[in-house]
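Data first, discussion second: the structure below is written as structure tokens.
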Amino acid sequence: MELVFATNNLNKLAEVQKMLPDTIRLLTLKDINCFDEIDETETTLEGNATLKANYITQKFGYNCFADDTGLEVESLNGAPGVYSARYAGKENNAESNMAKLLTELSNKPNRNAQFRTAIVLNLNNEQFLFEGICKGDILKEKQGEKGFGYDPVFKPTNFNKSFAEMSSEEKNKISHRGLAIQKLVTFLTNL
């Protein structure tokens, strides 16, 4: 089976590729000659994932899945949420995003947070939704060199290290995206 993963994020692509069985051939946007920038204009993770998946299916005719992920911080009323990638500005800079988050949490004792991923799959003219959630806390400073995005400041519940201190295999077993992809893979292998 061939599926397009509607993302330009190479870190995300590599993470997902490791999790898919050999029976699923993952195509990138580059593989299908899609160089369009698909604007994420919806106000929910599910809305953005749907927007991206529908764009690829309608314009290029491929079975496709897309995701959107947000970091939701309890004491910030769920922010940055759908704006996680652009939290500190349009340039999508992880260092700036983390710096802004740590500054906003500097005087807040409640550091509870969760990463949430919504995946929308367009398959044979039907649409399916999968969700993964990983609860944890925001650390007071960055820890670790691996991962991407907010990984150095997010410590999952029941672990004593950040996502950025975990191997990709360890992270994929418990992460929001890993859990959502596991649901997607289970669905696809049971067709």
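The values are calculated or read from the model by the stated rules, or taken from the named source; none is laboratory data. Being a predicted model, the structure only gives us computed values, none of them experimental. We place every Cβ from the backbone using ideal geometry, glycine too, and count neighbours over all the protein chains shown. Note: areas computed on protein heavy atoms with side chains; ligands, DNA, RNA excluded. Shrake-Rupley method; radii C 1.70, N 1.55, O 1.52, S 1.80 Å.
General remarks:
- Annotation: of all residues in segment 148-168 being surrounded by fewer than 21 Cβ atoms within 10 Å (Cβ to Cβ) and in contact (Cβ under 8 Å) with a residue 24 or more places away in the chain, the one that is farthest from ALA49 (Cα to Cα) is SER168.
- Residue check, ASN125 polar (S, T, N, Q) and either modelled with pLDDT under 95 or surrounded by 14 or more Cβ atoms within 10 Å (Cβ to Cβ) (or both): no
- Within segment 10-48, the set of residues being part of a loop (DSSP other than H, G, I, E, B), over 18 Å from LYS183 (Cβ atoms) and either open to solvent by 60 Å² or more (accessible area, probe 1.4 Å) or touching a residue at least 60 places away in the same chain (Cβ under 8 Å) (or both) comprises ASP22, LYS30, ASP31, ASN33, PHE35, GLU37, ASP39, THR41, GLU42, THR43, THR44.
- Scan of segment 93-127 for residues that are in a strand (DSSP E or B) and within 18 Å of the chain's Cα centre (by Cα), ordered by number: ALA113, GLN114, PHE115, ARG116, THR117, ALA118, ILE119, VAL120, LEU121, ASN122
- Residues within segment 66-92 that are among the polar types (S, T, N, Q) and part of a loop (DSSP other than H, G, I, E, B), tallied: 2
- Test: LYS52 is open to solvent by 50 Å² or more (accessible area, probe 1.4 Å) and of a type in the set (D, E, K, R): no
- Residue match in segment 131-138 (condition: in a loop (DSSP other than H, G, I, E, B) and either without any contact (Cβ under 8 Å) to a residue 60 or more places away in the chain or more than 20 Å from LEU105 (Cβ to Cβ) (or both)): no
- Given (1) over 18 Å from LEU13 (Cβ atoms); (2) at pLDDT 95 or above; (3) open to solvent by 10 Å² or more (accessible area, probe 1.4 Å), number of the condition PHE130 does not satisfy: (1)
- Residues in segment 55-70 that are open to solvent by 40 Å² or more (accessible area, probe 1.4 Å) and either closer than 18 Å to GLY178 by Cβ or among the β-branched types (Val, Ile, Thr) (or both): 1 in all.
- Checking each residue in segment 65-77 for being more than 16 Å from the chain's Cα centre (by Cα) and over 15 Å from VAL153 (Cβ atoms) picks out only ASN77.
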